[in-house]
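Working notes, structure below.
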Amino acid sequence: MKVTIHKGSHEIGGTCIQLSSEKTNILLDAGLPLSTDSQPVDISRLSVDALLVSHPHQDHFGLMATLPPGTPVYIGKLARSLIDATQIFLGKDRYALDFHDFKAWQPFTIGDFTITPYLVDHSAVDAYAFLIEAEGKRLFYSGDLRSHGRKGVLFENLVKRPIRDIDVLFLEGTMLNRSNDLFPDEKSVEQAIFQTIQPQKNISFLLSSSQNIDRIVSAYRACKRAGKFLVIDIYTAWVLEQLRQITQNTPAMDWPEVRVFAKGSQYERLKANPEYFGDFSNRLFRYRVMPEELRQNPGAFLYFGKMSSFSHIDEFKIAAAPVNVIYSQWLGYLDGTHPEYYGSVQIAAYRSDPAINFVYAHTSGHAPVEDLKTLAEALKPKMLIPIHTEHGEDFSQIFANVVTHNDKESWSL
Ligand SMILES: [Zn+2]
């Protein structure tokens, strides 16, 4: 089998690995780089038989649109629904690719390759690691994973009942040289949200990703404990609606403590795509919150969303109490080197605004080094290759059997 890391050997994001057997050519993720300095891989010329996507984060699937129309793409069913939803809400066409879904732990084949998806704990829902077998070789690709979210048991299972005889482990190393100590797990984030909103007399906003379901659950649970309402936007309500494909246990717009803020450009998308949304639009209005209600009793609400839906933060600035802005994403977005992160300048300004109580509460979507070590020691690969990391050269000090490769290098197994 021939292996080529097109991107990801020395950077976080933009991951793209090609595996070629005698007859079959597949891509493992087709990520858009996170850094604007990094050139995306031109995957349109690779003539691959299929793309396998680990999870619905742009830095793993974002180049999908550049594949020739009709290319087979294997991805979790819910992950695909969320990618579709994002396209619709952005006013873009859905991808003209030949989508196939798979089920966790059920092997399937693409030509010479047999693939077994392992559901993992990550900040994206419907995220997988893959066992990939072909021509007598066994590869395990971690994708992005962790043990400290709400599905940590999936990581524990990988450690307790490790897959045997792995020739190559592609192990993500996002957290090398990064610390998760402030908020070691999702429960500590929930606690920080609760402590911030509970005594609050004015409104609270929480900035996060609507696809970070663990975080929505944390916000919901904090609201329930504090006796407040969780306000979500239409996009988030639709994401939660999609989640019902797999579980009835995550909050949704019809839960008593949840309200939907149904205005603005997202509402326009809803009206423009009646065949896509079905009766969702009608049901949504039963659970909406009016701007007047927010203004009358702002202390009763925690508004969850992205910066793009927070144009009204300023409206709630009053002398009696500052507005809570809980920033619940990676702090690196605010360091001034990510102008593409929408609202980064504005959010950074909130930190020194006396009318805003700026609170940071976030845990990483990625495993810290100790957990990666536990996993690698359980899997005992013959060869461990760093991926999705800025510190591949440090791997050999932490893990056994490390072999580093550069982007665009090909080698045979
Ligand atoms: Zn990810």
- Spot the failing condition for Ser147; the list is (1) closer than 23 Å to Met64 by Cβ; (2) within 16 Å of the ligand (Cβ to nearest atom), and only one is missed. (1)
- Message: Any residue that is of a type in the set (D, E, K, R) and within 16 Å of the ligand (Cβ to nearest atom) - is there at least one of those in the range 30-50?
- Response: no
- Message: Looking at Ser209, Ser179, Ser142, Ser218, can you tell me which residue is open to solvent by 20 Å² or more (accessible area, probe 1.4 Å) and under 17 Å from the mean Cα position of the chain (by Cα)?
- Response: Ser209
- Query: Scanning for something out of contact with any strand residue (DSSP E or B) (no Cβ under 9 Å at 6 or more places or on another chain), at pLDDT below 95 and open to solvent by 60 Å² or more (accessible area, probe 1.4 Å), does the range 354-366 turn up at least one residue?
  - Reply: yes
- Note on the structure: Picking from Asp121, Asp93, Asp126, the residue that is of a type in the set (Asp, Glu) and over 17 Å from the mean Cα position of the chain (by Cα) would be Asp93
- Note on the structure: Over the range 242-272, the set of residues farther than 25 Å from His312 by Cβ and open to solvent by 20 Å² or more (accessible area, probe 1.4 Å) is Gln242, Arg244, Gln245, Ile246, Thr247, Gln248, Asn249, Thr250
- Starting from the range 187-216, take each residue that is assigned to a helix (DSSP H, G or I) and list its partners that are aromatic (Phe, Trp, Tyr), counting only C-beta distances under 7 angstrom and pairs at least six apart or across chains. Val189/Phe183; Ala192/Phe183; Ile216/Phe304
- Residues located in the range 33-62, provided they are in contact with a Leu (Cβ under 6 Å, 6 or more places away or on another chain) and among the hydrophobic types (A, V, I, L, M, F, W, C): Ile43, Val48, Leu51, Leu52
- Scanning the range 96-123 for residues that are part of a loop (DSSP other than H, G, I, E, B), surrounded by fewer than 24 Cβ atoms within 10 Å (Cβ to Cβ) and either touching a residue at least 60 places away in the same chain (Cβ under 8 Å) or within 16 Å of the ligand (Cβ to nearest atom) (or both) gives Gly111, Asp112
- Message: For the structure I just gave you, tell me whether His60 is within 16 Å of the ligand (Cβ to nearest atom), out of contact with any Lys or Arg (no Cβ under 8 Å at 6 or more places or on another chain), closer than 28 Å to Lys23 by Cβ and not in a loop (DSSP other than H, G, I, E, B).
- Response: yes
- So, of the residues in the range 398-413 that are closer than 23 Å to Leu158 by Cα and not aliphatic (A, V, I, L, M), which turns out to be most open to solvent (accessible area, probe 1.4 Å)? Asn401
- Query: Is there a residue in the range 5-14 that is closer than 19 Å to Ile115 by Cα, more than 16 Å from the ligand (Cβ to nearest atom) and open to solvent by 20 Å² or more (accessible area, probe 1.4 Å)?
  - Reply: no
- Message: I'd like to verify a number: residues in the range 42-85 that are open to solvent by 30 Å² or more (accessible area, probe 1.4 Å), in contact (Cβ under 8 Å) with a residue 60 or more places away in the chain and either among the basic types (Lys, Arg) or farther than 22 Å from Tyr141 by Cα (or both), how many?
- Response: 1
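Please count how many residues of the range 18-29 are more than 15 Å from the ligand (Cβ to nearest atom) and either open to solvent by less than 10 Å² (accessible area, probe 1.4 Å) or in a loop (DSSP other than H, G, I, E, B) (or both).
Looking only at the range 18-29, we keep the residues that are more than 15 Å from the ligand (Cβ to nearest atom), and these are 18-27.
Filter again for either open to solvent by less than 10 Å² (accessible area, probe 1.4 Å) or in a loop (DSSP other than H, G, I, E, B) (or both), leaving 19, 21-24, 26-27.
Of the residues in the range 18-29, 7 are more than 15 Å from the ligand (Cβ to nearest atom) and either open to solvent by less than 10 Å² (accessible area, probe 1.4 Å) or in a loop (DSSP other than H, G, I, E, B) (or both).
The values are calculated or read from the model by the stated rules, or taken from the named source; none is laboratory data. Model, not experiment: these values are computed from the prediction. FYI the Cβ positions are ideal-geometry reconstructions off the backbone, even for glycines, and counts take in every protein chain you see. For accessibility, only protein heavy atoms count, side chains too; no ligands or nucleic acids. Shrake-Rupley method; radii C 1.70, N 1.55, O 1.52, S 1.80 Å.
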